[in-house]
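This report refers to the structure that appears directly beneath it.
Just so it is clear, none of the values below were taken in a lab; they were calculated from the coordinates. Just so we're clear, the structure is a prediction, and the values are computed from it rather than from any experiment. Every residue, glycine among them, receives a Cβ derived from its backbone with ideal geometry; neighbour counts consider all protein chains shown.
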Amino acid sequence: MIDAPSWRYTPALAEKIELKWQKIWKDEGCFFAANAEGPLRDGEGRLAGKRKPYTVLDMFPFPSGKGLHVGHPLGYIATDFVSRFKRMQGYNVLHALGFDAFGLPAEQFAIATGQHPRKTTEENIANMRRQLSRLGLSFDPRRSFATTDPDYMKWTQWIFARLYSSYYDPDFLRPDGKKGCARPIEDLIKEFESGKRKTQKPWQQMSAKEKSEVLNSFRLAYISDSFVNWCPGLGTVLANEEVTKEGKSERGNWPVYRKKLRQWSMRITAYADRLLEDLDGLDWPETVKAMQKNWIGKCEGLKAAFEVAGEKVEVFLPYPSLLSHPSFLVLPSSLSLDLPEKWPKDAKEEWKEGASSPKALFSSFKSSHPYPLAHSMDGVFSGLFARVGEKNVPVFISDYVSEPHLGIEGEEDAKFARIHSIDQNPSPSAFDTEEEALKAAKEKRIGEREQRYRLRDWLFSRQRYWGEPFPIVYSEDGVEHLLPDSFLPVNLPSLPDYRPKSFDPDDSSSLPTAPLARNEEWVQVELDLGDGLKKYRRETNTMPNWAGSCWYYLRYLSPKDEKHFVNPAEDRYFLSPFHNDQSNDLGGVDLYVGGVEHAVLHLLYARFWHKVLYDLGYLSSREPFYKLFNQGYVQAYAYTDSRGQYVPASQIESRFEDGKEVFYFEGERVNREFGKMGKSLKNMVTPDEMYENYGADTFRVYEMSMGPLSDSRPWNLKDVAGSQRFLQRLWRNVVDEQTGEAHVSEEMDSKTGRLLNKTIEGVSADMEEMRPNTAIAKLIVLNNHLTSLPLCPRAAAEGMVKMLFPIAPHICEELWEKLGHSQTLSFTPWPKAQEWKEEEVVCVVQVDGKVRCRLSVPADIDEKDLERLALSQETVKQWLGGEDPLKVICRAPKIVSLVSRSGRKEK
RNA sequence: GCCCCCGUGGCGGAAUGGCAGACGCAGUGGACUUAAAAUCCAUCGCCUUUUGGCGUGCGGGUUCGAUCCCCGCCGGGGGCACCA
C-alpha cells in the first residue's frame, strides 16, 4: 500500500478518470445527435446533420423504487458500445433514454410508501439517472423525458384521438399502394349520410346514441361492453394472471366475479394480416417472430375427422397440442343443451345463442373472443365446433375440474357441468370412453393447414388513477365525445386518496369504480364543443401504461416540438426506408435492444400504432423497429444453509475439497443455487458497489466479456478481477506508473504489426455483429503480446485504445490524451486493417483424418507443389505404410488430407 | 402435450465443415518479498506417459475430414398464461 506507484490504475484513479471524462463529455455536448432541421440541428457544430443517421434504442425503462442491480445496465452497456462504435464509423448516432413512469407498479409503490405517485416517480427517476450516469453512457441528454410529463401525455392523448377518429377500410389503397388502410371516420360518416353505405335503419333517422354505437363498431379505438375479473375485496379489476385456479384473488384470496363492463379497446385485429406479413422483412430473432406469429393466430391447426353414431364428424383444433393433452373430448350429437342452473344468466344466453347459430357465433368470435363457443366462459372450456353431417355442434375439450366464476367449485360440480352440457344420448356406440374418442381423433387427424385469428382486440381501459386520462367526455344522453386537440392535455387531477375503493368482498352485484370518478369537481364539466356550452361528464378510466411506451421512440426525434408528435422532417431523416444500410422498404429504428419479455405485447402494440400512423400519413416507415436484439439476463448464485434459509452471497467462502469447490458461511457448509438476482435471495450486487470497488470501465468490460450478449449468464464476482487486470496491464503498457507520462516506442516490429492488423480485422467484425465478448478476447491477446515487449509501440497502443473505446471509454480517452491527442476519441475514425500478405503459413497434413505433420509453407503455394511437399515428408510416408495414398485432398495452403489404403480397409 | 432454443475442461465460454478447449476465472509449481498483497514466469481435458490413444450429452449416418450437416434418443431452458 505504501509502495504503490502514484500512477497505478487503482479503483480510486479509475474513478478520478471516469468523473473527469464524464464531465468533459457533458460540458461539450459530446453525444448531441444532430437533427435534420430546427433547434437540435447542429449537435454542437460537430455533425451539422449531414451524416447518415443511426438510431440506437433501449427498451423504455420503468423507474423502479427498488434501485438497480448489476443486471439492469447490461442492455444499456450494449447499446452504448454500438453507439460509440457507430460514431467512430462516421454515423450521426441518435441514442436517448426516457422513462416509462405511468402504470400499476408505480402506483403500488406510491401506495406502499404512502406518497403521491408523482413524487415517488420523480424520486425514482432521479435515482436511476444517478446510477446510470456513473456508467458513462452516451445518451443525448436533451432528448430525455418521462411519459408522465404533461407535454408528452398531450401527444399520447392526441394519438388516441387519431385512433378514435379513424376506421379501417380493407379496400382503400394506402401509401405503399396496397389494399387496406386507416381512414378518417368522417369519410365513413359521409358514406352513411349519402346512403353509399347502408345501415339497418336509415342513418338520418338514427339517434345520436344509435349513430355512436354504429361508429364504435368501426373506430380503431372504440368503446364497448367486455368481460373483466372483478374483485370487490380488493376493489379492483384483475388480470387473469392474478386470479388463482380456485377463482380467488392471488393477493388476499378474495372471491372474483366476471362482470360486463363498458370499456375502451383498440381494434388491433384489423391489422392482423399486416402485422404478420411485415414480420418477414424484419431483422428480428426468429424466436420472437415465431412468438408474434403464434400470438396473432395464423398458427397451424389440426382437422380431426372421425365417425360418431354413423355420422361423420370433423373438428378443427386451433391448438394442435390439445389433441394429445390429457383432456377429454365429449361430442353431443344434437343441439339441445341443458345448461346448469348455477351458471350466470349472461353466460347461459350467450352460450345458447352461440351454439344455435354458428354464424352469430363466428362473428362474435372474430370481434373479441378467442374461442368460438367458450367465450361466455372465456378459457374455462376450450370449446370448439364440430360438423356433424350438416349441423354444427359444440365440442368440449377440457382439463379443468373447477370453475368458480360459474359457481362450479369442485370435481362433483364439474361433472355436473359436463353432463349438462352434452346431449342426453352421448353416442355410446361410437366410443365407450373418452379415451377412445381421443385415440380415434388422434389417429384420423388430417394435418391440414387452417387459418383463424385468435388475436383479440386490445383492452385499453384501466380503473386506476396513475395513467393518462382519456380525452373523452360524455353528454347527458350517454354519448361519448372526443375533446378537440386544443383541449389537450387532459391532466390528472390531484386526489387526496387515489387508491381503489373498498367493497364488500361477497357483494357480486358491486361494480368497479375508477378513482377519478370520486372527484366530482373534475368529472363534471361545462364545455363548448362547437354547439354551445353544455354539461358533460369526463371519462374516468385511464389508459394502460402500454400507451406511453407505444410511441416514445418517435418523440426522441423531436422532443420539444410543439406542433407535431414527431416532426415530419426528422421522421424522414432518421426512420424512413433505406435511410442508411437497410435492405428493404420497411424503415424504422436501426437497432432496438431489450429483454425478450416484451417479445409479444409491447412490440405488437407499438407496431400496430406505427402502422396506423403510417396509414394516416404521419410517418414514412411501415415498421417501428427494423432490427431487434434480445440481450440475456444476469443471473446469480444464491446460498442456503441447512435449514434452507438464504445467507448473504457476499460473505461466502469457497474452498477446494477433493478437487471440488465447496462453500461455507460462518464456518457452516452451505448449498449453492442459481437464480435471479435480488434482495430476497440475498445475492444482489449493485452497480454502485462495482463503481466503488473496480470503476465503471472494469464493470463495463466485465459485463461485455461474460459471454454472448444474447445469452443469460451467471454473475461471478471473482471473474471481475480478469477484466480489471486487463485494464491495469493496458494502462501499464502505455503509462509509466511512476511518472504518469506515456512511455511508448515510435518503432513497431513486424510481428506486432501483423498481430495489430489481425486484431483490427477480427475486432471490427465482432463489433459489427455485436459480439463484444470475442472482441475483448482478441484485444486481450494483443495486450498480452504488448506486455511482453520492452516498450509498447505507439501505433499498437493507439490501435488498442481506439478499439477498446466503445467498451471502456473513460480509460481510453485518458490514454489517448496521454498519447498526445487533444480531441475526444468519440469521432476518431475506427481503425482500418491494412491489406497485407502472410509470407509463410502452417499447413496441416492429415492421414485418415488425423493430423500427422505440420509444414511451414509459402502462403501462395500451388496445390500440386503442396501435395508433392506433403508426400515427401518422412513421417507422412510412415503413416501411409510405404504405399501410395488412395486419395488426396489438397486445400492450399491450409490443409492436405490423405487417405491410406489400410485406413480405407479398416473402414 | 406441442413449438422453439441449448448440451464443449473444475467454472464462464472460444471455434459453424479443416490443428477442439481462444480469452478470462479458479487451481498447481516457481520468481520477487522478512512476510503478505500485487506483479511476473511456467503449468493447467482424460489415459499412457516415449512415439501414442481417447475426448464436444448418448446411438447411428453423410464426408478425405463433424463440436458444426442429417436421423433417432436422453437431459436442460423458454414460449404456448389476454398479464404490467
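Note on A:S710 and A:L19: with the Förster distance fixed at 41 Å, the Cβ-Cβ geometry gives a FRET efficiency of about 0.80. Across the stretch A:75-81, computed HN-Hα scalar couplings (Karplus, 6.51 cos²θ - 1.76 cosθ + 1.60, θ = phi - 60°) run x, 5, 5, 5, 5, 5, 5 Hz from first to last residue, x flagging Gly and Pro.
Which translational diffusion coefficient, to the nearest whole µm²/s, is obtained for the stretch A:101-246 from the Stokes-Einstein equation, given a Kirkwood hydrodynamic radius over C-alpha pairs, 4 °C and 1.567 mPa s? Translational D for this selection: 64 µm²/s.
Ordering A:F674, A:F109 by the number of other Cβ atoms within 10 Å of each residue's own Cβ, fewest first, gives A:F674, A:F109. Residue separation of A:Q108 and A:S133 scaled by 0.36 nm, minus their Cα-Cα distance, works out to 6.3 nm of gained length. Summing charges over neighbours of A:W816, with a neighbour being any other residue whose Cβ is under 12 Å away from its Cβ, gives -1 when K and R count +1 and D and E count -1.
The calculated Kirkwood hydrodynamic radius for the stretch A:647-728 is 14.3 Å, given to one decimal from all distinct C-alpha pairs.
If each residue's Cβ is checked for other Cβ atoms within 10 Å, how do A:D711, A:D561, A:D273, A:D531 rank with the fewest at the top?
Numbers: A:D711 11, A:D561 18, A:D273 14, A:D531 7.
Fewest-to-most Cβ neighbours within 10 Å comes out as A:D531, A:D711, A:D273, A:D561.
Normalise the Debye intensity by I(0) for the stretch A:486-573, one equal point scatterer per Cα, no solvent, then take log10 at q = 0.12, 0.17, 0.24 Å⁻¹ and round to two decimals. Taken in order of the listed q values, log10 I(q)/I(0) reads -0.64, -0.96, -1.18. Approximating the spin labels as points 7 Å out from Cα along Cα→Cβ, the A:D736-to-A:A569 distance works out to 5.4 nm.
Taking amide H as placed 1.01 Å from N in the peptide plane, the amide H of A:N92 sits under 5 Å from that of A:K52, A:Y54, each at least 5 places away or on another chain.
Measuring between their Cα centroids, the stretch A:553-632 and the stretch A:689-730 lie 33 Å from each other.
If R0 is 56 Å, the Cβ-Cβ spacing of A:V841 and A:D507 corresponds to a FRET efficiency of close to 0.10.
Computed from backbone phi, the HN-Hα couplings of the stretch A:142-147 come to 6, 10, 8, 7, 10, 4 Hz, rounded to whole numbers (Karplus: 6.51 cos²θ - 1.76 cosθ + 1.60, θ = phi - 60°; Gly and Pro given as x).
With R₀ fixed at 22 Å, the C-beta to C-beta distance from A:S64 to A:V600 puts the FRET efficiency at about 0.50.
Taking the square roots of 5 times each eigenvalue of the Cα gyration tensor of the stretch A:1-127, largest first, gives ellipsoid semi-axes of 31, 27, 13 Å. Kirkwood analysis of the stretch A:58-143, using all unique Cα-Cα pairs, places the hydrodynamic radius at 14.1 Å. Projecting label points 7 angstrom from Cα along Cα→Cβ for A:Q834 and A:N491 puts them 6.5 nm apart.
Which value results for Rg/Rh of the stretch A:627-770 when Rg is the Cα radius of gyration and Rh the Kirkwood radius based on the inverse mean 1/r?
Across the stretch A:627-770, the Cα-based Rg/Rh ratio is 1.08.
Close amide H partners of A:Q846, meaning residues 5 or more places away or on another chain with modelled amide H under 5 Å apart, are A:R852, A:V896, A:S897, A:L898.
Working note: Karplus 6.51/-1.76/1.60 with θ = phi - 60° gives the stretch A:809-824 the couplings x, 5, 4, 5, 4, 5, 5, 4, 5, 5, 7, x, 9, 9, 9, 4 Hz, where Gly and Pro are set to x. If the segment from A:R197 to A:F674 were pulled out straight at 0.36 nm per residue, it would be longer than the present Cα-Cα gap by 165.4 nm. A cut-off of 5 Å between modelled amide H atoms, ignoring neighbours fewer than 5 places along the same chain, links A:L97 with A:D140. When the square roots of the Cα gyration tensor eigenvalues are ordered a ≥ b ≥ c, the ratio a/c for the stretch A:104-163 is 1.5 or more and a/b does not exceed b/c, which makes its shape oblate.
Computed across the stretch A:600-678, the Kirkwood radius stands at 16.9 Å (inverse of mean 1/r, all Cα pairs). Computed on the Cα atoms alone, the convex hull of the stretch A:779-907 gives a volume of 162 cubic angstrom per residue.
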